[in-house]
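The values are calculated or read from the model by the stated rules, or taken from the named source; none is laboratory data. Quick caveat, the model's predicted, so the values are computed rather than measured. Quick reminder, even Gly has a Cβ in these numbers, built from the backbone with ideal geometry, and neighbours come from all protein chains shown. Only protein heavy atoms, including side chains, enter the accessible area calculation; ligands, DNA and RNA are left aside. Shrake-Rupley method; radii C 1.70, N 1.55, O 1.52, S 1.80 Å.
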Amino acid sequence: MAVDTSTVPDVAPELLRWPIEPQQGGWYTAAEHAALARVIEESDDWRTGWRQAAYLVRFEEAFAAYCGAGHAAGFNSGGTALEMVLRALELEAGDEVVSCAVNFVGPHVAVVGQGGRLVLAEPDPTTLGLDPADTEQRLTARTRAILLTHWNGAVADVARFVELAARCPHPVHGPPKVIVDAARACGGRTPSGARVGAEGWATVFSFESKKLMTTLGQGGMVTTRDPALDERLRLLRGYGGLGESWGTNQMLSKAQAAVGLVQLGRLDEMNAARIARAHARTRALADVAELTLPPTWEEGRHLYYRHNLLVPNAWAGAGRDELMHVLAERYGVGSIISDPVTPHSKTLIRRHTAGQDVPRAERLAARLLCPVFHPRISDADEAAICDAIRRAVADVARTHPTI
Ligand SMILES: *Cc1c(COP(=O)(O)O)cnc(C)c1O
């Protein structure tokens, strides 16, 4: 597999008027500040300190109820949560996990970390999320799980993957588990109208700083309807309980839970602002013939964690890179490729997927760029960014014919 070395524009960050990506996802109001102040105050008691668990229980119950899932278990990050869900599968050598090649590296690192064989699959050309038809072809008698990412906020049809899995049972373990990475889709809805987190065996959320809601910059959650999985996860994150099973400490703190409760209450409103801003940007760029824009979906089907653009096929690779450079150097607009094909972004994944072929993923990732996007960018700045994208495309079109 050729290594795509292009990453971000080679421009000093201080020369960018707008950064390559926002470091904030969900934003805080006086309510989050007050909740945090209260928790600090309450924890100044030698009897209870920071250990009092009621906040975590309340946050987990509220999160499970919001998602329409039976259970929710807090973790200190989405990454550790993914790792523990995969650990709960108790993979044996040769067991396979199918996942989309265009992805954040976190889910793939978790598969490799738990000894699974990572099977890369192709993305859907519209959403760049896992393609069900391609997934079906990659299921074998060794498949233990389908690891489905709601990529950049575009919510996948989880029920469809559950059906696929049911048709291809593992001889010992039954149908492969559908594990959903919803780090970029908290609060979204699937085509059946269910809240993200309600369908599939396990759904993993992240509350890292950039995510749609955040618990002081780090945090995670797993929702499931399987009480046995929930119990197992609680043992894994808490030193195996009082029993003899293995576990470590991956707890979400009291302060994070207190702030998370407030963020959860504001999630729909924050997502609505993000969706409105994304649809407005899509409308503003609608007549730029060279760009393929993200689909305009309503009803929480797309949360626009990023507003990703695809350049024409003829610009794949070099033309896309030039567009990112022009955007940065001439107009001060940062952008990133989120995400490249994971074997390109990490040698560990490359080593573990040698010989696998995902030509559609390679092609789409080479056409992808995500200019800086956030609902809190001022209207004037947003207009300037849209104008810059339009001009930069015209600049590149002068040197790169599209046919
Ligand atoms: C952020 C993210 C994760 C990992 O979350 P952390 O809490 O940062 O460990 C996993 N998958 C995707 C798709 C993400 O965007």
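Residues are listed down the side, and each one gets a yes or a no for (1) at pLDDT below 95; (2) under 30 Å from Gly355 (Cβ atoms):
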| residue | (1), (2) |
| --- | --- |
| Val3 | yes, yes |
| Pro9 | yes, no |
| Leu15 | yes, no |
| Ala30 | no, no |
| Ala35 | no, no |
| Asp45 | yes, no |
| Ala69 | no, no |
| Ala72 | no, no |
| Asn76 | no, no |
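Scanning segment 193-220 for residues that are among the hydrophobic types (A, V, I, L, M, F, W, C), within 20 Å of Ala65 (Cβ to Cβ) and over 13 Å from the mean Cα position of the chain (by Cα) turns up Ala194, Ala198, Trp201, Ala202. Scanning segment 253-261 turns up no residue that is more than 20 Å from the chain's Cα centre (by Cα), surrounded by fewer than 16 Cβ atoms within 10 Å (Cβ to Cβ) and away from the ligand (no atom under 16 Å from the Cβ). Can you report the number of residues in segment 60-83 which are farther than 15 Å from Gly187 by Cβ and among the aromatic types (Phe, Trp, Tyr)? Residues that pass the stated criteria total 1.
Scan segment 325-339 and tell me whether some residue there is free of Cβ contacts under 8 Å to residues at least 24 places away in the same chain and open to solvent by 10 Å² or more (accessible area, probe 1.4 Å). Checked against the condition, which is being free of Cβ contacts under 8 Å to residues at least 24 places away in the same chain and open to solvent by 10 Å² or more (accessible area, probe 1.4 Å), segment 325-339 yields no hits at all. Where strands (runs of 3 or more DSSP E) fall entirely within segment 93-179, those with at least 2 residues that are among the polar types (S, T, N, Q) and either touching a strand residue (DSSP E or B) at 6+ places or on another chain (Cβ under 9 Å) or open to solvent by 20 Å² or more (accessible area, probe 1.4 Å) (or both) are at 143-149. Taken together, Glu41, Glu83, Glu61 contain a single residue that is assigned to a helix (DSSP H, G or I) and within 16 Å of the ligand (Cβ to nearest atom), which is Glu83.
Listed here are the residues, each with its yes/no results for (1) in contact with a helix residue (DSSP H, G or I) (Cβ under 6 Å, 6 or more places away or on another chain); (2) open to solvent by 30 Å² or more (accessible area, probe 1.4 Å); (3) within 19 Å of Gly153 (Cα to Cα).
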position	(1), (2), (3)
Leu235	no, yes, no
Gly241	yes, yes, no
Gln250	yes, no, no
Met270	no, no, yes
Ala280	no, yes, yes
Thr292	no, yes, yes
Glu299	no, yes, yes
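Residues that are within 12 Å of the ligand (Cβ to nearest atom), closer than 15 Å to Ala202 by Cβ, of a type outside the set (Asp, Glu) and touching a residue at least 24 places away in the same chain (Cβ under 8 Å) are absent from segment 125-135.
Here is a yes/no grid of residues against (1) away from the ligand (no atom under 15 Å from the Cβ); (2) open to solvent by less than 40 Å² (accessible area, probe 1.4 Å); (3) at pLDDT 95 or above:
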position	(1), (2), (3)
Cys186	no, yes, yes
Arg189	yes, no, yes
Ala194	yes, yes, yes
Gly197	no, yes, yes
Phe207	no, yes, yes
Lys210	no, no, yes
Thr215	no, yes, yes
Gly220	no, yes, yes
